[in-house]
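Notes follow once the structure below has been shown.
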Amino acid sequence: MKVQMKAKSYVSIAILMALFLVAGCGNKSEVTPSNSPSPTATVTASPSPIVNGGITPEATPTTPAAVTSKPSASPSASPAASTTPAKNGAIQVVAKPESITVLVNKMNSLPSSYEPTDLVYPNIAFTFTEKIEKRKMRQVAATAIEKLFAGASKDGIQLAGVSAYRSYATQKAVFQSYVKKDGEEKAKTYSAVPGTSEHETGLAIDVTGSNGKCAAEDCFGGTKEALWLEKHAAEYGFIVRYPQGKAAITGYQYEPWHLRYVGLDVAKEIQSKNLTLEEYYQTVPVAK
Ligand SMILES: [Zn+2]
């Protein structure tokens, strides 16, 4: 996400908005619309209340067979808690924002007051040199991303971080600037509502090749870096959070650059079964 937008970008954004389905993770893609009238955007929440949005068990799943497509949540993936079931289409605030496996998406928001307490600067290359907010990650994710980068390097793949943590305040400022410009309804179509960007967890990071090309852009897909990540991210506890062909479930088009730390066990299960985090928790699709 470029907080300061160049004037000329607005034209491009208008074009992008007309072309793309969803707003992603924060970088360029965040200014693309999430609810344009494409087929995949017509999926809405089911009539049943959302009961396990975002509330993630601290215990790792013990019932791997139960998490695919049954209508009811398996015990391990059921909500630990008890947020009030959301009305259809309403955004629900997650009960355990600090959980490593927290589900944050367009239907499940972090509390506005949430700020991770263990943010650090991972010792990896970024596409910029400043020590600023978007370089930070939570400690466990920072350690894991360092290992992932090192593992990639051993395989001849040189990665660079593009954008990691983003505070609620930053997301709010960005979103409000769009609201001011376009009104809230329109702003929601191309920018994440504060609290609903996964980058606010401190567990997500956008990465690219060390040449910096295609940073958080569609052209990253199919690169050797993207292919390596698809194959190996789970070995380090990360998932490619917005896989290809799952926009109707995640609410986001394919973002091969957006990694989310969920821990080794969950990551491996999600990868081996070709799931999304939403499917893992058996929540309703969030695309809208
Ligand atoms: Zn992202």
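The values are calculated or read from the model by the stated rules, or taken from the named source; none is laboratory data. As the structure is a computational prediction, the values presented were derived from the model and not from experiment. When we count neighbours, we look across all protein chains shown, and the Cβ atoms used for this are built from the backbone with ideal geometry, even at glycine.
Among the residues making up the range 253-288, those that are assigned to a strand (DSSP E or B) and touching a Ser or Thr at 6+ places or on another chain (Cβ under 7 Å) are 255, 257.
Residues in the range 114-144 that are without any contact (Cβ under 8 Å) to a residue 60 or more places away in the chain and of a type in the set (Ser, Thr, Tyr) were compared, and the one that is farthest from residue 227 (Cα to Cα) is 117. Residues of the range 163-171 include at least one that is within 22 Å of residue 235 (Cβ to Cβ) and either within 15 Å of the ligand (Cβ to nearest atom) or surrounded by fewer than 23 Cβ atoms within 10 Å (Cβ to Cβ) (or both).
Here is a list: 181, 147. Which entry is out of contact with any strand residue (DSSP E or B) (no Cβ under 9 Å at 6 or more places or on another chain) and free of Cβ contacts under 8 Å to residues at least 60 places away in the same chain?
Result: 181 is the single residue among 181, 147 that is out of contact with any strand residue (DSSP E or B) (no Cβ under 9 Å at 6 or more places or on another chain) and free of Cβ contacts under 8 Å to residues at least 60 places away in the same chain.
Pick from the range 187-217 the residues that are aliphatic (A, V, I, L, M) and more than 16 Å from residue 104 (Cα to Cα): which of them is farthest from the ligand (Cβ to nearest atom)?
Taking the range 187-217 as the starting set, the residues that turn out to be aliphatic (A, V, I, L, M) are 187, 192-193, 203-205, 207, 215-216.
Then keep just the ones that are more than 16 Å from residue 104 (Cα to Cα); that gives 187, 207, 215-216.
Working: 187: 18, 207: 9, 215: 11, 216: 7 Å.
Among those that are aliphatic (A, V, I, L, M) and more than 16 Å from residue 104 (Cα to Cα), it is 187.
Taken over the range 253-284, the residue count meeting the criterion of being more than 16 Å from the ligand (Cβ to nearest atom) and within 24 Å of residue 215 (Cα to Cα) is 2. Taking the range 218-252 as the range and being assigned to a loop (DSSP other than H, G, I, E, B) and away from the ligand (no atom under 12 Å from the Cβ) as the test, the residues that pass are 221, 222, 223, 237, 243, 244, 245, 246, 251.
Reported count of residues in the range 178-214, each being assigned to a loop (DSSP other than H, G, I, E, B), under 22 Å from residue 147 (Cβ atoms) and either within 13 Å of the chain's Cα centre (by Cα) or of a type in the set (A, V, I, L, M, F, W, C) (or both), is 2. The residue pairs whose first member lies in the range 192-209 and is under 13 Å from residue 100 (Cα atoms) and acidic (Asp, Glu), whose second member is part of a strand (DSSP E or B) and within 11 Å of the ligand (Cβ to nearest atom), and whose beta carbons are closer than 9 Å, counting only pairs six or more residues apart or on different chains, are 198/204; 198/241; 198/258; 198/260. For residue 160, the stated conditions do not hold, so it cannot be described as at pLDDT below 95 and touching a Ser or Thr at 6+ places or on another chain (Cβ under 8 Å). Screening residue 216 with (1) among the aliphatic types (A, V, I, L, M); (2) within 24 Å of residue 96 (Cβ to Cβ); (3) crowded, with 23+ Cβ neighbours inside 10 Å gives one miss only, at (2).
Considering only the range 99-147, state which residues are surrounded by 17 or more Cβ atoms within 10 Å (Cβ to Cβ), in a loop (DSSP other than H, G, I, E, B) and of a type in the set (D, E, K, R). Of everything in the range 99-147, those that are surrounded by 17 or more Cβ atoms within 10 Å (Cβ to Cβ), in a loop (DSSP other than H, G, I, E, B) and of a type in the set (D, E, K, R) turn out to be 106, 136.
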